[in-house]
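The values are calculated or read from the model by the stated rules, or taken from the named source; none is laboratory data. Treat the numbers as computed from the prediction; the structure is a model and nothing was measured. Cβ: placed from backbone, ideal geometry, glycine included. Neighbour counts: every protein chain shown. What goes into the accessible areas is simple: the full protein's heavy atoms, side chains included, and nothing from ligands, DNA or RNA. Shrake-Rupley method; radii C 1.70, N 1.55, O 1.52, S 1.80 Å.
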Amino acid sequence: RYWRDWSSDVCSSDLTAVTICNGSSIQLTATGGATYKWSNAITTNTNTVSPSITTTYMVTGTNTSSCNATSSVLVTVNAVPTVPSVISPVSYFVGATSSALTATGTALKWYTLATGGTASTTAPSPSTTTIGSVNYYLSQTVNTCESQRATITVVVSSRSVALKTGWNYIGCPITGSTALQSALSSIWTNVESVKNLDSFYATVNPTALNSLKTVEWGKGYFVKVTTPCVLDWIVR
């Protein structure tokens, strides 16, 4: 009578240890037998599993001669990380210089879509040429598992101010300190005087007599113009 050594070829194919992310499925495949019995009661050679914790699955294959062999496979389950930590919204005035978006997380991936799309590992710098809002999406990856996507909304708003002839009071929205003429470039040909509580500028004065040379973020200024105009606060 001929006895086949099943221990060498039954239930061995594709039964190497595997790693999945929590919430995912994996198909385990055994070969070499005529009938099969898995530890989770599946009786076909393929067994699709979705364990929530690391689990060992056993399978016994029996051939036509009633010989059988048992094999096992370890399915390691890694946790899906939380979404990256972000600050949203991010606000810019139209025409401002933007910086690359930032977030806190591991192996960040950036997307232009809430689902699907192609990931980039380089953080985008938003466009500020058009007024409106745009969403950017990002995930983080830990132990090969990718998180859901966080959303950063970039809002680009107008900072235009309509000025009437004569004196107007305005607040500076430009970060830092900016040369007076550059900050008021859109109305400069109409400017007659600019002043605050500490200093002044007047077109009729010699340069040396004008003490106001820059505008500062968040501070208010009186501006006198010769005709109605629109200040866009774009530095030129």
*Per 5 Å bin from zero, what fraction in whole % of the C-alpha pairs of the range 66-168 is there, up to the bin with the longest pair?*
2, 11, 17, 16, 12, 9, 6, 6, 4, 4, 4, 2, 2, 1, 1, 1, 0, 0, 0, 0, 0
*Expressed in nm to one decimal, what extension gain is obtained for the pair residue 76 and residue 18 from 0.36 nm per residue of sequence separation less their Cα-Cα distance?*
20.3 nm
*Would you work out what percent of the accessible area of the chain, with all protein chains in place, is carbon or sulfur (probe 1.4 Å)?*
53
_Count of Lys pairs (Cα-Cα under 16 Å; at least 8 positions apart or interchain) in the chain_ = 5
*Values of log10 I(q)/I(0), in the order q = 0.15, 0.27, 0.31 Å⁻¹, for the range 44-94 under a Debye, Cα-only, solvent-free model*: -0.65, -1.09, -1.21
*Name the residues of the range 153-175 whose amide N is less than 15 Å from a point 7 angstrom out from the Cα of residue 202 along the C-beta direction?*
167
*Solvent exposure of the range 13-146 as accessible area per residue, Å², 1.4 Å probe*: 56
*With a point put 7 Å past each Cα toward its Cβ, work out how far residue 214 is from residue 179 in nm, to one decimal.*
1.2
*Using only C-alpha positions, report the orientation-averaged shadow area of the convex hull of the range 124-236, nm², one decimal.*
9.6
_Expected 222 nm ellipticity per residue - DSSP helices of 4 or more, -39500 (n - 2.57), all of the chain, to 500_ = 0 deg cm²/dmol
_Simple Cβ-charge dipole of the range 133-221, Lys/Arg +1 and Asp/Glu -1, about Cα centre, in debye nearest 20_ = 120
*chymotrypsin sites (Phe, Trp or Tyr not before Pro) within the range 182-222: which are DSSP loop residues with at most 13 other Cβ atoms inside 10 Å?*
217
*For the chain, what is the percent of antiparallel DSSP beta bridges, rounded to the nearest 5?*
85
*asked:* Quick check for me: using +1 on Lys/Arg Cβ and -1 on Asp/Glu Cβ, what's the dipole size of the chain about its Cα centre, in debye to the nearest 20?
replied: 400
*Summing +1 for each Lys or Arg and -1 for each Asp or Glu, what net charge is found among the other residues whose Cβ lies under 13 Å from the Cβ of residue 136?*
+2
_Label-to-label distance, nm, for residues given as residue 144 and residue 227 (7 Å Cα→Cβ offset)_ = 7.0
*Rank 77, 183, 130 by how far each Cα sits towards the positive end of the charge dipole of the chain (+1 on Lys, Arg Cβ; -1 on Asp, Glu Cβ) and give me just the farthest.*
183
_Listed residues 222, 50, 106: farthest to the positive end of the dipole of the chain (Cβ charges)_ = 222
